[in-house]
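Report on one structure; see the data block that follows.
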Amino acid sequence: PDSLPESVLFGYEEGTFTGGVKGGKQGLFELAHNGTIFLDEIGDAPKNLQTLLLRLLQEKQVMRVGGRSIIPVNVRVIAATNKDLKKMVEEGSFREDLYYRLFVLPLRVPPLRDGKEDMPELITHFFEEYCPIIPAISDDVLDELVNYDWPGNVRELASVVQYMITVMENNVITFFDLPE
C-alpha cells in the first residue's frame with residue numbers, strides 16, 4: 001500500500017494502523033537524525049512520496065503518518081537509481097523540484113561492461129564474500145566473464161559467482177561451472 005513506504009520513512013503515530021506498535025514508531029528519517037540515509041531506487045518512488053521527500057529536504061522536518069506535530073530532522077540524503085531521472089522529469093513522472101534538490105553532487109557509476117579491467121578484483125571480492133576458501137579459476141572462465149556484457153551489472157556478477165561456487169568441484173571453477 002502507498003502508506004507503507006511513507007510509514008517506514010516518516011514513522012507513524014499510535015492508532016494509525018491496526019496492529020501498529022503501541023506508542024507509534026519512529027521512521028527512518030528520525031532514526032537517521034544527524035546522520036545519513038540512503039534511498040535506493042529513488043526513480044521508483046510514487047508521486048505522493050516524492051512530495052513528502054521534497055518537503056523533508058526543503059523544510060528539514062517530518063510529520064509521522066497520522067501525526068499532528070512536526071519533527072525537525074537534520075539528515076543527509078544519498079539517493080540512487082538506474083533510471084534516467086532527467087528524462088522522467090521531462091515525461092512528468094518525477095518531480096522537477098525534487099530532481100534538483102537531489103542533484104547536488106551527482107556521481108555516475110559506469111556499468112560493469114565499461115570497467116572490464118576491474119573484473120578480476122570484483123570476482124576475488126565476491127569469492128572472499130561467499131566462499132571460505134578462495135577457489136582457483138581457469139583462464140577460459142575468466143576470459144568468458146571479462147568478455148560478457150553484464151546487463152545486470154554487479155548484481156548479476158555476484159549471482160554468477162555464487163552459482164559457480166555452488167556447482168564447482170574440488171575448489172576449482174572450470175568452464176562447465178558457468179551458468180547458461
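The values are calculated or read from the model by the stated rules, or taken from the named source; none is laboratory data. These numbers come from a predicted model, not from an experiment. Neighbour counts are summed over all protein chains in view; Cβ atoms, including those assigned to glycine, are modelled from backbone coordinates with ideal geometry. Remember, those area values only see protein heavy atoms, side chains included, never the ligands or the DNA or RNA. Shrake-Rupley method; radii C 1.70, N 1.55, O 1.52, S 1.80 Å.
Number of residues in region 144-173 that are surrounded by fewer than 16 Cβ atoms within 10 Å (Cβ to Cβ) and more than 30 Å from Lys83 (Cα to Cα): the value is 6. Within region 159-174, residues that are modelled with pLDDT of 95 or more reach partners that are assigned to a helix (DSSP H, G or I) and open to solvent by 50 Å² or more (accessible area, probe 1.4 Å) with beta carbons closer than 7 Å, at six or more positions or on different chains, in the pairs Val161/Tyr130; Gln162/Tyr130; Ile165/Tyr130. Considering region 86-105, and only residues there that are assigned to a loop (DSSP other than H, G, I, E, B) and under 14 Å from Ala45 (Cα atoms), the residue that is farthest from the chain's Cα centre (by Cα) turns out to be Gly92. Scanning region 21-38 for residues that are in a loop (DSSP other than H, G, I, E, B), open to solvent by 50 Å² or more (accessible area, probe 1.4 Å), touching a Ser or Thr at 6+ places or on another chain (Cβ under 8 Å) and at positive phi turns up nothing.
For region 106-125, filtering for residues that are more than 18 Å from the chain's Cα centre (by Cα), of a type outside the set (Gly, Ala, Ser) and either on the phi > 0 side of the Ramachandran plot or surrounded by 11 or more Cβ atoms within 10 Å (Cβ to Cβ) (or both) leaves 9. Would you pick out the residues in region 132-167 that are over 18 Å from Leu122 (Cβ atoms) and not in a helix (DSSP H, G or I)? Selection gives Pro132, Ile133.
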